[in-house]
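S.K.: Structure in structure tokens, see below.
Readers should treat all values here as calculations from the given coordinates under stated rules, not as data from a laboratory. Since this is a predicted model, take the numbers as computed values, not measurements. Every residue, glycine as well, gets a Cβ built from its backbone with ideal geometry; the counts of neighbours run over all protein chains shown.
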Amino acid sequence: MKYLLRFLRDLLERFARSLDLPLLAALAVLMGVGLATQYSASGESLRGVAMQGAFFGVGLVALWAASRAPARLLKQATPALFLLSLIPMVLVLFIGGGKYGNHWIKLGFFNVQPSELCKLSLPMMLAWQFDRHALPPRFGVLLKALVIISVPVGLTLLQHDLGTAVLVLATGIFVLFLAGTSWWWWGAAGALGGGGFALAMFAPITWFSFLRPYQVNRILTFRNPENDPMGAGWNILQSQIAIGGGGLTGKGWGQGTQSHLNYLPEHTTDFAFSVLAEDFGWLGVAGVLALYLFLIARCLWIAADARDPFSRLVAGTVGLSLFAYVLVNGAMISGLLPVVGVPMPLLSYGGTSAVTLLLGFGVVMALKQKRHGQRG
């Protein structure tokens with residue numbers, strides 16, 4: 001028995017050697033909360049929970065495999081990985097499907113959303129580009145970076161997936177920010193964005209022709225959903241009722257009325273956080289937000305401790321991207337932003353998003369190992 005215990009201990013140490021245990025522990029708790037939320041949101045159906053658990057399993061394997069990869073190899077393979085991630089982005093335009101556009105490629109009994117992969121491959125590609133030049137980036141390098149960003153963002157917009165396009169763009173912006181891009185560029189970008197917004201407001205035909213009807217309805221009703229409570233405003237109003245109904249401690253696990261009586265739409269995906277708020281109240285929401293905050297802070301700490309620009313930019317962007325996902329979904333379900341179909345990380349049902357997110361944390365763990373001189 002003594003030798004068996006020693007063998008199991010050595011095996012566990014070898015398995016966990018490349019893993020960042022604080023990150024892994026926070027992710028494990030968050031995945032557990034996600035499965036509990038899915039069980040409640042799906043009307044206590046085990047099928048959806050089992051599928052999400054299987055996705056988490058695949059994601060954890062991807063996390064471990066990525067954490068074991070030498071950081072030098074990850075950096076060298078980045079251009080090829082970026083190009084490979086663009087192939088399904090093109091294919092989905094021809095063979096994809098979805099409720100509101102060509103978002104998904106069906107593979108057997110599950111669907112893959114190619115744009116999710118670009119949330120990781122794009123910042124890695126930008127970090128690889130900046131790593132080859134002095135920072136802050138000069139004009140020519142910055143222009144190359146903008147071209148790189150425009151490719152996956154443009155392909156995502158062609159899929160009529162505005163929410164994901166905004167998040168893919170955000171990952172690119174985070175890399176530019178962490179690379180020390182001049183404030184002059186940010187001022188120019190802000191002026192350009194403000195001018196574009198003003199043009200859209202005074203000449204709505206410019207965005208009515210670009211956006212689909214359901215997207216226009218979401219934008220027009222998100223500030224005053226009461227104007228169309230049985231139509232475009234229904235999602236936001238029901239979500240607000242669910243969040244407010246949870247109170248401080250919630251109605252209890254599986255006791256939320258909005259999801260169980262099917263008032264709350266998309267309760268396993270976009271509005272899963274609303275289900276959690278109704279079941280567990282503000283205390284549950286605060287606990288989950290604390291987990292997200294810890295994951296973000298841990299990534300930023302690893303980025304600050306990194307020795308090379310590639311590691312710093314990738315680790316920092318993974319953390320800031322998680323912040324953006326949580327902020328956008330939280331604002332969306334509470335009515336502060338239009339409903340743009342952005343899931344809450346590891347709480348909403350979804351395979352590609354969960355696997356990609358866990359893979360990203362595996363890459364961060366691999367880059368942390370380089371800082372401490374254990375590999376590559």
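S.K.: With N set to the number of residues, divide the alpha-carbon radius of gyration of segment 261-376 by 2.2 N^0.38 Å and report two decimals.
M.R.: Compared with the compact-globule rule of thumb, segment 261-376 sits at 1.21.
S.K.: Express in nm, to one decimal, how much length is gained between Ala134 and Arg307 on full extension, taking 0.36 nm for each residue of separation and deducting their alpha carbon distance.
M.R.: 60.8 nm
S.K.: Please give, to one decimal in nm, the separation of the simple spin-label points placed at Leu73 and Leu143, each 7 Å out from Cα toward the Cβ.
M.R.: In this crude label model, Leu73 to Leu143 measures out at 3.8 nm.
S.K.: Amide H neighbours of Gly250 under 5 Å, at least 5 residues apart or on other chains, H built in the peptide plane: list them.
M.R.: Gly281, Trp282
S.K.: Please sort 148-155, 280-287 by packing, taking for each peptide the average over its residues of neighbouring beta carbons within 10 angstrom, highest first.
M.R.: 148-155, 280-287
S.K.: Mind checking the full-extension length gain between Trp282 and Ser45? Use 0.36 nm per residue of separation minus the Cα-Cα distance, one decimal, nm.
M.R.: The span from Trp282 to Ser45 would gain 82.8 nm if fully extended.
S.K.: Listed here are the pairs Lys106/Lys368; Lys75/Lys119; Lys119/Lys368; which of them are more than 27 Å apart at the Cα?
M.R.: Too far apart for the 27 Å limit: Lys106/Lys368.
S.K.: Sorted by packing (mean other beta-carbon atoms within 10 Å per residue), highest first, where do 344-352, 320-328, 175-183 land? Spell out each step's value before the answer.
M.R.: Numbers: 344-352: 24.3, 320-328: 20.1, 175-183: 18.2.
Result, highest mean first: 344-352, 320-328, 175-183.
S.K.: Quote the FRET efficiency, to the nearest 0.05, computed for Ser150 versus Ile241 with a Förster distance R0 of 41 Å and r equal to the Cβ-Cβ distance. Each step should come with its number before you reach the end.
M.R.: On the way: r = 40 Å, r/R0 = 0.98.
E between Ser150 and Ile241, to the nearest 0.05, is 0.55.
S.K.: Now for a different question. Evaluate 2.2 N^0.38 Å with N set to the residue count of segment 80-177, then give the Cα radius of gyration divided by it.
M.R.: On the way: Rg = 14.2 Å, N = 98, 2.2 N^0.38 = 12.6 Å.
Against the compact-globule rule of thumb, the ratio is 1.13.
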